[in-house]
Amino acid sequence: METYDLIVVGSGPGGYVAAERAGSLGKRVLLIEKGYLGGVCTNWGCIPTKSLLHSAKQYRHTLEGEQYGLEAKGLSYNLTKAMAWKQDTVETLRSGIGFLMKSNKVETLFGEAQFIDPHHVKVGDTVYATDFLIVATGSSPFVPPIEGSKLAHVLTSDEILSVEKIPETLAIIGGGVIGVEFASYFSMVGTKVTVIEMMDEILPMMDGEFAKLMRREMKGVDFKLGCKVEEITPEGVVYTDAKGVRQTIASELVLMSVGRRPNVAGLENLKLEIARTGIAVNDRLQTNIANVYAIGDVNGKSLLAHSASRMAEVAISNIFGTTRQRMRYNAIPWAVYSLPEGAGCGLTETEAAKRGIAVKSQTVQMRSNGRFLAEQGKRAGGLVKVIADATTNVILGVHLLGPYSSEMIWGAAALIEAELRIQDVKEIVFPHPSVSELIKDACFALDHTL
């Protein structure tokens with residue numbers, strides 16, 4: 001029987017990072033994957049959606065390029081070529097993960113893992129022994145028991161990435177990150193898109209003011225808020241609107257985008273404590289079984305790829321490291337890669353109020369910024385908000401809506417992690433012209449003293 005220091009099951013951004021980090025320490029590591037290296041993020045999530053969104057943004061910007069001096073005639077969007085670009089990107093990154101594993105002497109095994117007990121995993125007819133086990137089995141799209149949800153034209157985020165033609169109409173059930181990103185993509189390439197959301201606003205983690213502006217800027221999308229889907233028919237979606245009136249939307253395709261659930265099937269032999277949201281873990285990512293750790297979507301703590309990667313680092317530090325790190329969730333950034341982009345980190349004003357924290361905030365318009373104005377023009381909308389503790393001036397949240405939001409938000413995470421005050425940020429030199437200057441502008445608007 002082959003024995004390892006660590007077996008990792010699942011090769012998403014949590015699993016492969018955990019395997020790589022352990023391998024780099026000289027440990028004997030086995031990484032087991034039933035599908036493709038990279039998990040959902042690389043193959044059906046982050047990477048393919050961003051590839052398609054980028055192609056659609058290029059198309060949209062070119063269509064609107066006359067104001068910048070661009071004159072394009074006979075422009076069209078070729079879905080086949082866009083899909084080929086997406087697939088090449090996915091396969092290139094997948095190969096890169098494979099190379100990373102080989103470079104760190106991680107053994108990779110493809111097959112379905114059967115958990116025998118906390119120290120033994122079986123693949124096929126072979127049993128592998130391990131000192132430590134990391135469960136990184138991820139999550140899958142959740143399909144609620146709505147009548148008609150199994151019809152052929154009802155797709156999840158997995159299947160819609162392989163459509164062979166652009167639909168004329170698309171109904172999206174759910175206005176979270178996945179739903180909004182696909183709404184943005186398909187509306188940019190000519191589909192008439194309707195988003196049906198049960199809550200009163202889209203993107204629940206987003207500042208309410210920003211979410212409202214996001215909807216306004218996504219002019220090609222019809223948002224139906226406060227609505228409950230009753231059934232799906234071959235012709236479309238039947239729902240009850242906010243006034244309690246039964247309505248029907250005709251739609252060629254329906255995207256089911258109401259969330260994800262952890263992949264916990266087959267874990268019974270490990271005798272793990274499993275809550276409704278996933279495998280229960282402590283702040284070191286350790287389960288109730290001492291040698292078993294659970295990272296990424298499967299523990300339900302933070303369903304983001306970068307959260308999974310950080311969880312991997314924390315878990316490995318506790319298994320093999322000289323330090324014993326703890327997972328912190330107060331400064332995990334999120335981003336929506338739609339047009340416009342949105343991103344945030346830390347608390348919103350609503351969250352602060354629920355926690356009884358007195359805050360002060362300031363919002364600045366992106367169109368007041370030189371680079372934004374030069375590249376987006378006067379008609380585009382965008383916002384930056386900084387939230388700080390009303391007493392200490394420590395920054396508690398930063399929220400962005402507009403271009404480059406996803407690239408700037410890491411800086412907000414650094415500010416919050418370091419517990420910097422408004423005054424501290426005012427002393428940082430930002431590059432000019434850059435959209436990021438707006439963060440400093442918001443801080444000066446909060447505190448004019450020098």
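The table for this structure:
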quantity: Near pairs, Cβ below 6 angstrom, 6+ apart or cross-chain, from the stretch 287-316 (over 18 Å from A275 (Cα atoms) and buried (at least 22 other Cβ atoms within 10 Å of the Cβ)) to any residue that is among the aromatic types (F, W, Y) and at pLDDT 95 or above; calculated: A315/Y293
quantity: Qualifying positions in the stretch 331-380 - closer than 30 Å to G69 by Cβ, surrounded by fewer than 18 Cβ atoms within 10 Å (Cβ to Cβ) and touching a Gly at 6+ places or on another chain (Cβ under 9 Å); calculated: Q365, R367, A380
quantity: When residues of the stretch 398-430 are limited to those that are of a type in the set (V, I, T) and in a loop (DSSP other than H, G, I, E, B), the one surrounded by the fewest Cβ atoms within 10 Å (Cβ to Cβ); calculated: V429
quantity: Test: residue in the stretch 138-157 that is buried (at least 17 other Cβ atoms within 10 Å of the Cβ), over 30 Å from N318 (Cα atoms) and touching a helix residue (DSSP H, G or I) at 6+ places or on another chain (Cβ under 7 Å); calculated: yes
quantity: Residues (under 24 Å from H432 (Cβ atoms) and either outside any strand (DSSP E or B) or among the acidic types (D, E) (or both)) located in the stretch 335-357; calculated: P340, E341
quantity: Selected residue (criterion: farthest from I387 (Cα to Cα)) from residues of the stretch 218-235 that are surrounded by fewer than 18 Cβ atoms within 10 Å (Cβ to Cβ) and in contact (Cβ under 8 Å) with a residue 60 or more places away in the chain; calculated: P234
quantity: Test: residue in the stretch 67-74 that is over 28 Å from V336 (Cβ atoms) and not in a loop (DSSP other than H, G, I, E, B); calculated: no
quantity: Options S309, S317: the member that is more than 21 Å from the chain's Cα centre (by Cα), under 18 Å from G14 (Cα atoms) and at pLDDT 95 or above; calculated: S317
quantity: Residue within the stretch 21-41 that is touching a residue at least 12 places away in the same chain (Cβ under 8 Å), assigned to a loop (DSSP other than H, G, I, E, B) and under 30 Å from L75 (Cα atoms) present; calculated: no
quantity: Selected residue (only one of M188, M214, M205 is hydrophobic (A, V, I, L, M, F, W, C), surrounded by 24 or more Cβ atoms within 10 Å (Cβ to Cβ), over 24 Å from D241 (Cβ atoms) and out of contact with any His (no Cβ under 8 Å at 6 or more places or on another chain)); calculated: M188
quantity: Extreme residue, farthest from L267 (Cα to Cα), among residues of the stretch 117-146 that are charged (D, E, K, R) and touching a strand residue (DSSP E or B) at 6+ places or on another chain (Cβ under 9 Å); calculated: D131
quantity: Matching residues in the stretch 243-263 - criterion: being without any contact (Cβ under 8 Å) to a residue 60 or more places away in the chain and not hydrophobic (A, V, I, L, M, F, W, C); calculated: K243, G244, R246, Q247, T248
quantity: Residue that is nearest to S24 (Cα to Cα), among those in the stretch 304-334 that are part of a loop (DSSP other than H, G, I, E, B) and of a type in the set (G, A, S); calculated: G321
quantity: Flag for G10 being within 19 Å of the chain's Cα centre (by Cα), small (G, A, S) and closer than 24 Å to G179 by Cβ; calculated: no
quantity: Residues of the stretch 19-44 classified as touching a Gly at 6+ places or on another chain (Cβ under 8 Å) and under 22 Å from E181 (Cβ atoms), total; calculated: 6
quantity: Hey, K360 among the charged types (D, E, K, R), touching a Phe, Trp or Tyr at 6+ places or on another chain (Cβ under 8 Å), not assigned by TED's automatic domain parsing to the domain that holds E209 and not in a helix (DSSP H, G or I) or not; calculated: no
quantity: Any hit, the stretch 241-261, residues being in a helix (DSSP H, G or I), more than 22 Å from L155 (Cβ to Cβ) and at pLDDT 95 or above; calculated: no
quantity: Residue count for the stretch 75-87, restricted to those that are assigned to a helix (DSSP H, G or I) and either among the β-branched types (V, I, T) or within 15 Å of Q58 (Cα to Cα) (or both); calculated: 7
quantity: Residue within the stretch 209-227 that is β-branched (V, I, T), outside the structural domain of D131 (by TED's automatic domain parsing) and touching a Ser or Thr at 6+ places or on another chain (Cβ under 8 Å) present; calculated: yes
quantity: Residue list for the stretch 117-137, restricted to those being of a type in the set (S, T, Y) and surrounded by fewer than 16 Cβ atoms within 10 Å (Cβ to Cβ); calculated: T126
quantity: Residue in the stretch 4-19 that is of a type in the set (F, W, Y), part of a loop (DSSP other than H, G, I, E, B) and either in contact (Cβ under 8 Å) with a residue 24 or more places away in the chain or not assigned by TED's automatic domain parsing to the domain that holds T137 (or both) present; calculated: no
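The values are calculated or read from the model by the stated rules, or taken from the named source; none is laboratory data. Since this is a predicted model, take the numbers as computed values, not measurements. Glycine also receives a Cβ, built like all others from the backbone with ideal geometry; neighbour counts cover every protein chain displayed.
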